[in-house]
Amino acid sequence: MAETSETLLLRAPLSGVLLPLAAVPDPVFADGMFGDGLGIDPLSDTVVAPCDGIVVHLAATGHALTLQAPCGAQVLVHVGVDTVLLRGEGFAPCVAQGDAVRQGDALIRFDLDRVARQARSLVTVMALANGNAFTVAGRTDALRAEAGRTVVLKVRAVAGAASAASAGAAAPACQADGTGPAALRRTVTLACAGGLHARPAARARAAMQGLDATVALHYGGRHASLASLVALLALAAGEGATVELVASGRDASAALEAVARELQRTAAGEEQAAPAAGAAPASVGTSALTGTSGELPPGCIGGVAAAPGIAIGVLHWWREATPEPHEAGQGMEAERAALRAALAAVDARLAHDSEAASARGARAEAGIFAMHRALLEDPALLGAADTLIDAGKSAGFAWREATGAEAAVLSAMADRRAAERAADLLDLGKRVLRALAGNAAADVSVDMPTVMPTDADGQPVVLAADEFTPSDLTGLDCDRVAALAMVRGGPTSHAAIIARQLGIPCLVALGSALERLPDGTPVIVDGDNARLHASPDAHLLAAVASAVRLRTQRRQADLHAAHAAATTRDGVRIEVAANIGSVDDARNAVAHGADAVGLLRTELLFLHGDAAPAAADHTAACQAIAEALGGRSAIVRTLDIGGDKDAAWLRLPAEDNPALGLRGVRLAQVRPQLLDEQLRGLLAVRARAPLRILLPMVSEVGELLHWRARIRALAAAAGHDADADAQIEVGVMIEVPAAALLADQLAEHADFFSIGTNDLTQYTLAMDRCQPELAARMDALHPAVLRMIAATTEGAARHGRWVGVCGALAGDPLAVPVLLGLGVTELSVDAGLVPGIKARVRTLSLADCRQRAAGLLQLPSAAAVRDACRHYWPA
Ligand code: PEP
Ligand code: MG
C-alpha cells in the first residue's frame, strides 16, 4: 500500500497477530461502533504512533488514546478489552494530551502480564474515531504485524471531505464536523462552573433549536458537534477553557451568538447545589462538603455530605430491579421500533417529572430531567444503539451497551463532573430497559416496592447504594427513607441534588467501609458532619435519638402554632410571609401558616416556556396564585431574568459578566415590551387582598420614577381610576449596594423595601453566589452586609416606609433577632420555614434585639457576629 496526497497509511501500533474488527471480543468494537479498523493480539508492550499526529485525547487511565493525523483523520488505539476498569494500573503513558508525535514514537507502555491477568482480553483495537469524514480504503492481508513497520490500514477522506483534505490541515477537521468553508468562527471562554458538563451542554444545544445551522466545538485539538451531548462531554473542556465555535448554515451567525451566550453564562439553577447565602450553618454545611479530616471514632465512616441533617435508621441496600435484556434481537425493524417506543415512553415520563419539579420551583431537579431528555435524543447514543441492532442485537442489549460504553468513557475522564455524569447515562440505560420490559407506564410505581425493605419492622430506613441515580429516587417514600448513603458519588451528582430537594440527609463517597455493612445494621447518618456511625453504642444512639426526637417535636409544635400571629415577647407583631414561585407553593405557604406572600418570583413561572409570556399569561398565573392565597396579600416581583436565572426563550447577546449585566428591571432597557406585558397582565388580576409590585435590581431613584410612571400610564390605559398609582403599592428590592446606600432617596418614592440578602451579599462581598468554593464565606451576617441593611432601614424610616427581608437570611433563626433589631418588620422565607421562624420571633424581645443589634455592626467578621448571636439569643 502506498501513500498518496489523498490517503494516509497507518502502521501497526503493536507487534502481534492481526484480527478483523469483528473478531474483537467486545461488541462495541466488533460492531464498528467506534468506527472501522482492526484488532491486534499483542506480542509487544509498547504502543507506537501509527502515523504522525497530535495526541488529541489520552484516557486518564492511560489505556487508550486518540491521535489526529495532519489530514484530520482521528485514530483511536485502545489497549485490551474493559481495561478502563483497571483504573490505570499497569499502564504508563509516554505522551501527554496535546503532544505532537512522529510515526513510530512510543505512546503507551503497559505491563503485558499484569494486564493479561486482570483484563478480559488483551486484544487491542485501532479504529477511526471520525468515521463520518474518513474511511478505510485498504487493509493488509498479513496475519502478523511488526510495531511501527507493517502498514496495516489505508485511510482516505470520504467524498466531499477529499477536496477539503488537500486544501489544508484545518479544513478536513472542519468538514468532519459538518461545517463548510463558509463557516463562521469565534472563541469563547467557558464560564459555566465545572466547565462543559451536561447541563450547560444541553442548554447550548437548546439555545439553537429552531435555527437553521450546525455548530461544532473545537477544543484541545478535538471536535464535537453540538448535536451530540456525549461528544461534547468527552471534550473535557473545563471552566475557564477557551473553545472555538464553528457554525455554518443560513442562521450561522444567530446560532453562534446563542451558543456562545450559553457557554459564557454561569450555571443556571445550580445555585441550589450550593448553600444559600446567609443560611450557612442551618443549610448544607459547607465545611461538610469538603469531607472530614482527622481521627474518626471507631465505627464511624467519613464521607462527603451532600445534604444536611441527622437521621437514625437501619441500613437497607437498594437492590435495583433492572431487567436483563436478551442479547439476540428479533429482527431489525421490530427492535428499532421497540427502542423508539421505549424512548418515547421514557421521554414522556421525564417531561412529566420535569414539569412537576418546575411547578414545585425545584429548578435544579427540573434541569436534571430536562438534560436526561436531551440525552435521549443524542445522535451518538442512538447511532451506536442502531448499529448494534443492525448487527442482530436486541433493542435492550443495544441500548445498554451504547449507554454503558459512553458512561465508561465519561467515568474514565479526569474531570470529576464528567465522571459523575456517567451515572446519568447509566440511569437512562435503566429507565429505557424498564420501559422495554413493559414497565414504562409504571416507571415510578414499580421502583419503590423493590427498594422498600420487608425486614425493617416499619423502622426508618437508611437506603444505601453504590451510587443512586435520579430515577432511583423518583417517587422515594420520604416517610420511610430517613437518609441516603452512597459508596461512591459526589456532592454535585444529580442524586445528591435531588436528596437536598427532598430534604433528607445524604452522604456520598463513604467508600468500601460502607460496602462491608450488611442489611439491617443500625446506623446514624450525620449529614451535618459528613459521617456515618455504624452500630452506634446505646449511649450515642440515645443521645442522637433524643436530639432527633426533640427536633421533630419542636417542628410539630411550631406547625401547630403556625397559623397564629408571630408577636415578640414585648408585643410587636412581625409579619412572617412566604417566598413562592408557583400555585403549589402558594398552597403550601397557606398550609404552613404564612401571613402573606413576601416574594413571588414570577420568573420561575416562565423559565421553561418556549416564548416570552404575554399579558394574558401573567394574568392567568397570578390570578390562580391570588385565589390560592385565600385573601392573603402578595408581593409580586417583576421578572428577574438574567444573571444565574435563564429563560431559553430570551435570546440576548452574550455578557462577559451576567451577574453585573442585564438583570431585573435593567432587562427592560433592551426589552421594554417584556415588562410592559407583565405590568399589563398584573393590572388585570382581581384579588381580594393587595397585590404589591416589587422591582428587582434597582440602583437609583430614576429607575423607580420611570417604572412608577409607566405603571400609572398602563393602569390608565386599562381603564383604572385616574389615581391608580395611589392604589398600587410599588416597592423596591434592595439587593444592590447602591440601593442600600441611597435608601433615603428611594424611600421618598417607594411604598416599601424588600431586602434581597442573596444578591446584596453577593454584590457587597464581591463573591459569586453560585461559586461553591466561596460558599462558606458567603455569609449574609457579615458586618458589611449588616451595615447595608442598617442603611436601608434608616433611609426607609426617614419617610415612614416599612422594610422586609426576602433573601435566605430571613430564614436563618440566628439572624432573626439581628434583622428585627435593625428595624426589619417583615420576614419572607421558604414556606416550610414559616412555623420555625414564627416560633423564633415569639421567643424574642424587640427592645433587647434593638439594643444589641447596633453593636454587631462593629464586629470584624460574620463568624464573630454568629458567635455573638449564639451568646445573646441561643436558638
Ligand atoms: C435575593 O437576591 O435575596 C432574592 C430574594 O432574590 P433572588 O434570590 O431571586 O435573586
Ligand atoms: Mg435577587
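The values are calculated or read from the model by the stated rules, or taken from the named source; none is laboratory data. These numbers come from a predicted model, not from an experiment. We place every Cβ from the backbone using ideal geometry, glycine too, and count neighbours over all the protein chains shown. Note: accessible area is taken over every heavy atom of the protein model, side chains too, but ligands, DNA and RNA are not part of it. Shrake-Rupley method; radii C 1.70, N 1.55, O 1.52, S 1.80 Å.
Side notes on the structure shown:
- Scanning the stretch 737-757 for residues being open to solvent by 20 Å² or more (accessible area, probe 1.4 Å) and either farther than 17 Å from S633 by Cα or of a type in the set (A, V, I, L, M) (or both) gives a total of 8.
- Within the stretch 634-656, tally of residues that are more than 16 Å from ligand 2 (Cβ to nearest atom) and in a loop (DSSP other than H, G, I, E, B): 9
- Any hit, the stretch 638-652, residues being within 21 Å of A716 (Cα to Cα), within 16 Å of ligand 1 (Cβ to nearest atom) and open to solvent by less than 20 Å² (accessible area, probe 1.4 Å): yes
- Unique match (being out of contact with any Ser or Thr (no Cβ under 8 Å at 6 or more places or on another chain) and more than 21 Å from L128 (Cβ to Cβ)) among A106, A96: A96
- Identity of the residue in the stretch 758-772, within 13 Å of ligand 2 (Cβ to nearest atom) and of a type in the set (A, V, I, L, M, F, W, C), that ends up surrounded by the most Cβ atoms within 10 Å (Cβ to Cβ): L760
To keep it simple, each residue is scored yes or no on (1) buried (at least 23 other Cβ atoms within 10 Å of the Cβ); (2) modelled with pLDDT under 90; (3) polar (S, T, N, Q).
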| position | (1), (2), (3) |
| --- | --- |
| P70 | no, yes, no |
| H78 | yes, yes, no |
| I108 | yes, no, no |
| D113 | no, yes, no |
| R120 | no, yes, no |
| V151 | no, no, no |
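- Selection status of A776, within 16 Å of ligand 1 (Cβ to nearest atom) and at pLDDT below 95: no
- Qualifying position, being of a type in the set (D, E), open to solvent by less than 50 Å² (accessible area, probe 1.4 Å) and at pLDDT below 95, among D585, D610, D595: D585
- Residues within the stretch 531-567 that are under 23 Å from L846 (Cα atoms) and surrounded by fewer than 12 Cβ atoms within 10 Å (Cβ to Cβ), tallied: 1
- The condition (being open to solvent by 20 Å² or more (accessible area, probe 1.4 Å), in a strand (DSSP E or B) and within 16 Å of ligand 1 (Cβ to nearest atom)) is satisfied by just one residue among R692, R666: R692.
- Test for V572: is it open to solvent by less than 10 Å² (accessible area, probe 1.4 Å), of a type in the set (A, V, I, L, M, F, W, C) and either away from ligand 1 (no atom under 16 Å from the Cβ) or in contact with a strand residue (DSSP E or B) (Cβ under 6 Å, 6 or more places away or on another chain) (or both): no
- Among (1) touching an Asp or Glu at 6+ places or on another chain (Cβ under 9 Å); (2) β-branched (V, I, T); (3) surrounded by 23 or more Cβ atoms within 10 Å (Cβ to Cβ) - the single one V101 does not satisfy: (3)
- Filtered residues of the stretch 578-602 (kept if among the polar types (S, T, N, Q) and more than 16 Å from ligand 2 (Cβ to nearest atom)): S582, N588
- Test: E603 is among the acidic types (D, E), open to solvent by less than 10 Å² (accessible area, probe 1.4 Å) and touching a strand residue (DSSP E or B) at 6+ places or on another chain (Cβ under 7 Å): yes
- Filtered residue count, the stretch 159-190, keeping only those that are in a loop (DSSP other than H, G, I, E, B) and at pLDDT 80 or above: 1
- Among the residues making up the stretch 783-814, those that are modelled with pLDDT under 95 and either surrounded by fewer than 20 Cβ atoms within 10 Å (Cβ to Cβ) or in contact with a helix residue (DSSP H, G or I) (Cβ under 7 Å, 6 or more places away or on another chain) (or both) are G807, A808, L809, A810, G811, P813, L814.
- Residue match in the stretch 675-687 (condition: open to solvent by less than 50 Å² (accessible area, probe 1.4 Å), modelled with pLDDT of 85 or more, within 16 Å of ligand 1 (Cβ to nearest atom) and not in a helix (DSSP H, G or I)): no
- Condition met for R671 (of a type outside the set (V, I, T) and either within 15 Å of ligand 1 (Cβ to nearest atom) or not assigned by TED's automatic domain parsing to the domain that holds C806 (or both)): no
- Spans of helices (runs of 4 or more DSSP H) in the stretch 791-875 with at least 3 residues out of contact with any Phe, Trp or Tyr (no Cβ under 6 Å at 6 or more places or on another chain) and within 19 Å of V572 (Cβ to Cβ): 816-821, 834-842, 846-856
- Within the set E239, E257, E271, the sole residue that is modelled with pLDDT under 75, part of a helix (DSSP H, G or I) and acidic (D, E) turns out to be E271.
- In the stretch 313-347, the residues that are among the acidic types (D, E) and touching a residue at least 40 places away in the same chain (Cβ under 8 Å): E320, E327, E335
- Cross-chain or 6+ apart pairs with Cβ under 8 Å, the stretch 742-769 first and closer than 20 Å to H782 by Cα and part of a helix (DSSP H, G or I), then open to solvent by 40 Å² or more (accessible area, probe 1.4 Å) and more than 12 Å from ligand 1 (Cβ to nearest atom): A743/E794; T761/H782; Q762/D768; T764/H782; L765/R777; L765/H782
- Considering the conditions (1) outside any loop (DSSP other than H, G, I, E, B); (2) at pLDDT 90 or above; (3) more than 17 Å from A306 (Cα to Cα), S471 is excluded by exactly one of them, (2).
- A724 meets all of the listed conditions (1) at pLDDT 95 or above; (2) surrounded by 15 or more Cβ atoms within 10 Å (Cβ to Cβ); (3) away from ligand 2 (no atom under 16 Å from the Cβ) but one, namely (1).
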